[in-house]
Amino acid sequence: LGRAGEKQSLSDAFTAGGQQTVDATGLRFDGLDRYQRVRLRGSFDAARQILLDNMPSASGRPGYRVLTPFDRADGRGWVLVDRGWVPLGATREALPDVAVDTREREVSGILDVLPIPGLRVGPAAAPDDTGWPRVLLFPTEADVDAALAADVEPRILLLDASQPDGFERKWRPSLGFGPERHLGYAIQWFAFALVTVV
């Protein structure tokens with residue numbers, strides 16, 4: 001029941017955060033709520049992009065999520081913008097085309113954290129991978145900072161579906177599965193307890 005409550009709170013926060021857009025000019029993201037919708041000005045760095053490996057599409061197809069560094073015009077440094085999901089190529093060596101317009105612009109989206117695995121096994125990057133775009137598997141903030149040789153905001157920006165230069169973007173809170181399954185488990189355990197008492 002506690003886990004169901006936690007996931008319902010995350011779902012509610014996702015819904016509430018998307019209702020009002022905050023101008024993040026001059027603000028650090030760690031002072032804002034997770035799932036807060038923000039807008040800011042800056043420009044994308046097309047030369048150093050990250051492909052998050054093992055990221056399924058909304059329908060479960062294998063592929064990557066594209067994280068592109070965004071240099072904030074307010075001088076507050078770099079933020080990673082998640083431009084959405086792209087499919088795997090014919091081979092692992094055939095990386096997708098993730099070109100992006102580098103002119104200064106305004107972007108908007110929802111704040112979130114980097115995806116976290118249930119169990120972290122091994123390093124985020126292959127030791128000999130030095131090219132771009134760089135494929136990383138569930139990187140930490142430190143992994144991202146090391147790859148980009150820069151201090152990056154700990155929160156990422158999930159690019160709004162209405163914004164250009166994005167891919168598949170069907171954002172939802174990172175729950176794994178919803179609170180309903182936890183409630184179902186709780187009902188099962190209550191039933192077991194009742195049977196045991198009887």
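The values are calculated or read from the model by the stated rules, or taken from the named source; none is laboratory data. This structure is a prediction, so every number in the text was calculated from the model and none was measured. With ideal geometry, Cβ positions are generated from the backbone for all residues, glycine too; neighbour counts draw on all protein chains shown. With ligands, DNA and RNA removed, areas are computed over all heavy atoms of the protein, side chains included. Shrake-Rupley method; radii C 1.70, N 1.55, O 1.52, S 1.80 Å.
Assuming 0.36 nm per residue, please report the length gained on full extension of the stretch Ala150 to Glu106 beyond their Cα-Cα distance. Walk me through the numbers on the way to the answer.
Details: separation 44, 0.36 × 44 = 15.84 nm, distance 2.18 nm.
Between Ala150 and Glu106, full extension yields 13.7 nm more.
Where in the chain is the longest stretch that carries no GluC sites (Glu not before Pro) classed as loop by DSSP and with at most 13 other Cβ atoms within 10 Å? Display every interim value, and only then the final one.
On the way: sites that count: Glu93, Glu104.
With a cap of 13 other Cβ atoms within 10 Å, the longest stretch comes to 105-198.
What dipole magnitude, in Debye to the nearest 20, does the chain give about its Cα centre under +1 on Lys/Arg Cβ and -1 on Asp/Glu Cβ? Write out the running numbers ahead of the final one.
Working: 23 positive and 27 negative charges, 117 e Å.
Charge dipole, the chain, about its Cα centre: 560 debye, nearest 20.
Of the heavy-atom accessible surface of the chain (probe 1.4 angstrom), what whole percent is carbon and sulfur? Intermediate values should be presented prior to the final figure.
Details: 5930 of 10800 Å².
C and S atoms contribute 55 percent here.
At 222 nm, what value in deg cm²/dmol follows for the chain if DSSP H runs of at least 4 each add -39500 (n - 2.57) and the sum is divided by all its residues, to the nearest 500?
Theoretical 222 nm ellipticity from helices: -7000 deg cm²/dmol.
Translational diffusion coefficient of the stretch 71-178 at 20 °C, 1.002 mPa s, Stokes-Einstein with Kirkwood Rh over Cα pairs, in µm²/s as a whole number. Intermediate values should be presented prior to the final figure.
On the way: Rh = 15.7 Å.
It comes out at roughly 137 µm²/s.
Antiparallel DSSP bridges in the chain: what percent, to the nearest 5? If you can, show how the numbers build up before the last one.
Working: 25 of 35 bridges.
Expressed as a percentage, antiparallel bridges in the chain total about 70.
Taking only protein heavy atoms into account and a 1.4 Å probe, give the accessible area per residue of the stretch 62-156 in Å².
Details: 4560 Å² over 95 residues.
With all protein chains present, the stretch 62-156 gives 48 Å² per residue.
Lys and Arg at +1, Asp and Glu at -1: add these up for the other residues within a Cβ distance under 15 Å of Arg92 and post the number. Walk me through the intermediate numbers first.
Numbers: positive: Arg134; negative: Asp53, Glu93, Asp128, Asp129.
Summing Lys/Arg as +1 and Asp/Glu as -1 gives -3.
Given (i) 57, 32, 31; (ii) 69, 41, 28; (iii) 51, 41, 28, which label gives Cα extents along the principal axes in Å as computed from the coordinates?
Label of the calculated value: (ii).
Mind checking the full-extension length gain between Leu119 and Asp74? Use 0.36 nm per residue of separation minus the Cα-Cα distance, one decimal, nm. Walk me through the numbers on the way to the answer.
Values: separation 45, 0.36 × 45 = 16.20 nm, distance 3.71 nm.
Stretched fully, the Leu119-Asp74 segment lengthens by 12.5 nm.
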